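Shown next, in structure tokens, is the structure this report addresses.
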Amino acid sequence: MTLQFSLVAASTSPETVDTPCLVVGVYENGLLTSAAARLDGASEGAVKRQLESGDINGKAGSVAVLYAPGGIAARRVLVVGLGAQKSFDAARYQKVHLEAARALGRLPVDTAVSYLADLEVPGRDAAWRVRIAALAADYAAYRYTATFKPREKSAQPELKSIAFVAADEARHGLDQAAAIAQGVRFARELANLPPNICNPSYIAAQAQAFAEAHEGVNCRVLDHEEMGRLGFGSLLAVGRGSANKPRLIALEYNGGNAGDKPYAFVGKGITFDSGGISLKPGAGMEEMKYDMGGAAGVLGAFIAAVKMELKLNLVCVVPSAENMPDGDSYRPSDVLTSLSGLTIEVLNTDAEGRLILCDALTWTAQTYQPQAIVDAATLTGACVVALGKHASGLMSKHDDLAAELLAAGEDTLDRAWRLPLWDDYQVQLESGFADVANIGGKSAGAITAGCFLSRFTEGQRWAHLDIAGTAWDEGRKGLATGRPVALLAQWLMDRAG
Ligand code: BES
Ligand code: MN
Ligand code: ZN
């Protein structure tokens, strides 16, 4: 369940709002927002007194609580620092909403009213402000609980709803946020689940359950026998070492005209990547449960599109397998025949993502003749080296498609950065034994992975998102981020007009 979102009329005076917690902002150097100034006036200077005492400092993301200030109807006021006003921008706006929601999560309140969606952000409208605010609040409110022993129900209430003070014209931004938040939650929960639960058949069951519950959504699942008959030689090789057999999962949504070509997503669904015979080192291997982050991301974006009832046709294809070492595993030097007919020399079984994606890309193009294909994959460590945790790597030979996706990333702050797919890199994939090798050597690892995929998408309007750095927060308590659900959902919203 996501947070419940609602709007409060922009004309509402903050001192009159009856709520367990009101949220207002102050800029650096004691500059009050209009809501904070009104509260200060109504409470005979309660806000300014805290500024003078240093309990509030205006630093971006800092928080302080005023309890039961006289003259104010709210039980508490959460004062959030906004940083310097002159440099207040979209990224800061998102950050203060995240920090505000994190602070609300620590307070014993089940609801709150926020004046932070009222802050002007250069170049962004009211619907954008409300959308980002609601998504940030829901992001902070998410808790992973699926595999904990049920704890004593704590007496402290949890945040269940939040209202934003904003103009009524922003309402559609709130509705969009509610849909996107469901997609983000789905993606985060699926990716956070351990791989002994979230295996290929589990993902297939989730997709099927979603289709059954939603009018106009259809689900097809191919098992390994069916894929064997069809010639998925590359995908099946990756899954052969695991007792959890591969699946190809396809969700179809027809929200557009019957004749319109669909948009297509393809998401890497490796439910655990041990590396296979080219075994990974032990340290940090547990993070490879997130190697289905691309699958989670495209499924989440699909869910968001369905919930928004976007007027377009969409397919979401997930090749899913587990990469394990075993007596029956595929091995370095094997030559595979892919669904496309191209043969592939395996030089490293840990470069498995591209091997399941290539067959899925071929099948998607053949089955649906889509107007564009975007894949998302936790594909290379090299992409994390290049771009870190902030940007997903974007690769495409289609400048218009790349521009659309970069714009959607900027809009949602789920940002991507483009890397080239020049032919100059293709020689790194040459093989003496097959049409192509599955690795490209030491340099430009993110790009050569993209180049490998490009060989299976010729004639398609295709783009690739490498989300290896962005799909989860690393470390013991890191969680899946739900990226790139927001980017992909926005891209579709922009296409649906
Ligand atoms: N799933 C990994 C990529 C990855 C690594 C994502 C670390 C996030 C963090 C992928 O299957 C992989 O193992 N890639 C190899 C490719 C190499 C063998 C050419 C890599 O990046 O090391
Ligand atoms: Mn791997
Ligand atoms: Zn992998």
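The values are calculated or read from the model by the stated rules, or taken from the named source; none is laboratory data. Bear in mind that the values here come from a model prediction, so they are computed numbers and not experimental data. Cβ sites come from the backbone with ideal geometry, for glycine too, and all protein chains shown count toward neighbours.
Each row is one residue, and each column tells you yes or no for (1) surrounded by fewer than 21 Cβ atoms within 10 Å (Cβ to Cβ); (2) under 27 Å from the mean Cα position of the chain (by Cα).
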{"residue": "Ala84", "(1), (2)": "yes, no"}
{"residue": "Ala90", "(1), (2)": "yes, yes"}
{"residue": "Arg102", "(1), (2)": "yes, yes"}
{"residue": "Ala117", "(1), (2)": "no, yes"}
{"residue": "Glu120", "(1), (2)": "yes, yes"}
{"residue": "Asp125", "(1), (2)": "yes, yes"}
{"residue": "Ala133", "(1), (2)": "no, yes"}
{"residue": "Ala136", "(1), (2)": "no, yes"}
Got a sec? Which of Gly105, Gly83, Gly41, Gly25 is more than 30 Å from Ala146 (Cα to Cα), small (Gly, Ala, Ser) and assigned to a helix (DSSP H, G or I)?
Gly41
Ala416: passes all of (1) surrounded by fewer than 23 Cβ atoms within 10 Å (Cβ to Cβ); (2) more than 25 Å from Val335 (Cα to Cα) but (1)
Counted residues in the range 322-348 being assigned to a loop (DSSP other than H, G, I, E, B) and more than 16 Å from ligand 2 (Cβ to nearest atom) come to 8
Looking at the range 377-392, which of its residues are closer than 21 Å to Arg461 by Cα and either surrounded by fewer than 22 Cβ atoms within 10 Å (Cβ to Cβ) or away from ligand 2 (no atom under 16 Å from the Cβ) (or both)?
Ser392
How many residues are under 18 Å from the mean Cα position of the chain (by Cα) and surrounded by fewer than 21 Cβ atoms within 10 Å (Cβ to Cβ) when one looks only at the range 345-376?
0
What are the residues in the range 282-291 that are under 22 Å from Glu189 (Cα atoms) and either surrounded by fewer than 22 Cβ atoms within 10 Å (Cβ to Cβ) or more than 11 Å from ligand 2 (Cβ to nearest atom) (or both), if any?
Gly284, Met285, Glu286, Glu287, Met288, Lys289, Tyr290
Of the conditions (1) at positive phi; (2) surrounded by fewer than 19 Cβ atoms within 10 Å (Cβ to Cβ), the single one that Ala444 does not satisfy is (2)
Checking Leu190 against (1) in contact (Cβ under 8 Å) with a residue 24 or more places away in the chain; (2) in a loop (DSSP other than H, G, I, E, B); (3) touching a strand residue (DSSP E or B) at 6+ places or on another chain (Cβ under 9 Å); (4) not small (Gly, Ala, Ser), only one condition comes out false. Which one?
(2)
Kindly indicate the residue of the range 256-281 that is more than 16 Å from ligand 3 (Cβ to nearest atom) and surrounded by fewer than 17 Cβ atoms within 10 Å (Cβ to Cβ) and also nearest to Ala204 (Cα to Cα) among those meeting that condition.
Lys261
Got a sec? Which strands (runs of 3 or more DSSP E) wholly within the range 392-497 have at least 1 residues that are within 15 Å of the chain's Cα centre (by Cα) and within 22 Å of Asp350 (Cα to Cα)?
392-396, 462-466
Scope the range 15-45; condition crowded, with 20+ Cβ neighbours inside 10 Å and small (Gly, Ala, Ser); matching residues
Gly25, Ala35, Ala36
Residue in the range 285-308 that is outside any helix (DSSP H, G or I), farther than 18 Å from Phe452 by Cβ and either outside the structural domain of Gln208 (by TED's automatic domain parsing) or of a type in the set (A, V, I, L, M, F, W, C) (or both) present
yes
Scan the range 253-283 residue by residue and report those that are in contact with a helix residue (DSSP H, G or I) (Cβ under 7 Å, 6 or more places away or on another chain), more than 12 Å from ligand 1 (Cβ to nearest atom) and outside any loop (DSSP other than H, G, I, E, B).
Tyr253, Tyr263, Ala264, Phe265, Val266, Gly267
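Conditions tested, residue by residue: (1) farther than 30 Å from Gly255 by Cα; (2) of a type outside the set (Ser, Thr, Tyr); (3) within 16 Å of ligand 3 (Cβ to nearest atom); (4) not assigned by TED's automatic domain parsing to the domain that holds Leu235.
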{"site": "Cys316", "(1), (2), (3), (4)": "no, yes, no, no"}
{"site": "Gly327", "(1), (2), (3), (4)": "yes, yes, no, no"}
{"site": "Val335", "(1), (2), (3), (4)": "yes, yes, no, no"}
{"site": "Leu342", "(1), (2), (3), (4)": "yes, yes, no, no"}
{"site": "Cys358", "(1), (2), (3), (4)": "no, yes, yes, no"}
{"site": "Gln371", "(1), (2), (3), (4)": "no, yes, no, no"}
If I go through the range 2-53 residue by residue, how many of them are more than 27 Å from Gln176 (Cα to Cα) and hydrophobic (A, V, I, L, M, F, W, C)?
10
